[in-house]
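**Student:** Take this structure, written in C-alpha cells, and hold onto it; I'll ask about it next.
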Amino acid sequence: MAQENNAAQSEIRYLNPVSVDVKKNKYCRFKKLGIKNVDYKDGEFLKKFLNEQGKILPRRLTGTSQKFQKKVAQAVKRARHLAILPFVTDCMK
C-alpha cells in the first residue's frame with residue numbers, strides 16, 4: 001500500500017504537454033524587408049520598438065542591427081519632440 005502511494009506521487013501527469021521554449025532566431029527586420037530609412041512620422045511603426053511605458057527596447061530584445069537601432073532611437077526621439085509619441089505613459093499598448 002505504501003509503495004503504491006509512493007509510485008502514484010512520483011508519477012507526475014500534466015493535462016497539457018510541457019512546453020519547451022524554442023529559441024527564435026533574431027533578425028533585423030530592416031535588412032530583411034529592405035528598408036533603408038526609418039520614418040519618424042510613422043508613429044504606429046515606431047511603437048513596435050517601445051515597451052508599455054514608452055521606453056525604447058534594446059537591440060538584444062528586438063534583434064535590430066546596430067546601424068538601424070541608432071536610426072530607430074533618433075526617429076523615436078524626433079517623434080517624441082513633435083508629440084507623435086509620448087515621452088512617458090502608463091499603458092501604451
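**Student:** Filter the stretch 38-65 for residues that are aliphatic (A, V, I, L, M) and either in contact (Cβ under 8 Å) with a residue 60 or more places away in the chain or part of a helix (DSSP H, G or I) (or both) and give the result.
**Tutor:** Within the stretch 38-65, Leu46, Leu61 meet the criteria.
**Student:** Does the stretch 35-65 hold any residues that are within 11 Å of the chain's Cα centre (by Cα) and hydrophobic (A, V, I, L, M, F, W, C), and which are they?
**Tutor:** Once the filter is applied, which keeps residues that are within 11 Å of the chain's Cα centre (by Cα) and hydrophobic (A, V, I, L, M, F, W, C), the stretch 35-65 yields Phe49, Leu50, Ile56, Leu57, Leu61.
**Student:** Also, I was wondering about something else. Which residue is modelled with the highest pLDDT, if the candidates are limited to the stretch 46-65 and must be open to solvent by 50 Å² or more (accessible area, probe 1.4 Å) and among the aliphatic types (A, V, I, L, M)?
**Tutor:** Ile56
**Student:** Output the number of residues of the stretch 66-92 satisfying the condition of being out of contact with any Ser or Thr (no Cβ under 8 Å at 6 or more places or on another chain), open to solvent by less than 100 Å² (accessible area, probe 1.4 Å) and assigned to a helix (DSSP H, G or I).
**Tutor:** Matching residues across the stretch 66-92 total 8.
**Student:** Select from the stretch 19-45 the residues that are open to solvent by less than 100 Å² (accessible area, probe 1.4 Å) and more than 14 Å from Ser65 (Cβ to Cβ) and write down the one among them that is modelled with the lowest pLDDT.
**Tutor:** Filtering first and then ranking leaves Ser19.
The values are calculated or read from the model by the stated rules, or taken from the named source; none is laboratory data. Model, not experiment: these values are computed from the prediction. Because the Cβ atoms are built from the backbone with ideal geometry, glycine has one as well, and the counts that use them run over all protein chains shown. Ligands, DNA and RNA are excluded from the accessible area calculation, which covers all protein heavy atoms including side chains. Shrake-Rupley method; radii C 1.70, N 1.55, O 1.52, S 1.80 Å.
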